[in-house]
Amino acid sequence: MAEQKVLTGAVYECVKCGQRTTQEELSRLPEVKCICGYRVFKKVRPPVVKQLKAR
Ligand SMILES: [Zn+2]
């Protein structure tokens, strides 16, 4: 059985205006489109925050 997981951490950046949108937000839209009207996005990785346990 294949399990499908949606990565909610994925972030997409508009190559035209640089507006960043999460995959979650894009999935809500009827079509993948930036607020500026451009449709080309590049995938960017959100900065990884390392969690340090304080003692
Ligand atoms: Zn844009």
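Among the residues of segment 25-41, the ones that are more than 11 Å from the ligand (Cβ to nearest atom) and not β-branched (Val, Ile, Thr) come to 7 in all. Screening residue 3 on (1) of a type in the set (Asp, Glu); (2) assigned to a loop (DSSP other than H, G, I, E, B); (3) modelled with pLDDT of 90 or more shows it passes everything except condition (3).
The values are calculated or read from the model by the stated rules, or taken from the named source; none is laboratory data. Computed from a predicted structure; not experimentally measured. Here the Cβ is made from the backbone with ideal geometry for all residues, glycine too, and neighbour counts use every protein chain on show.
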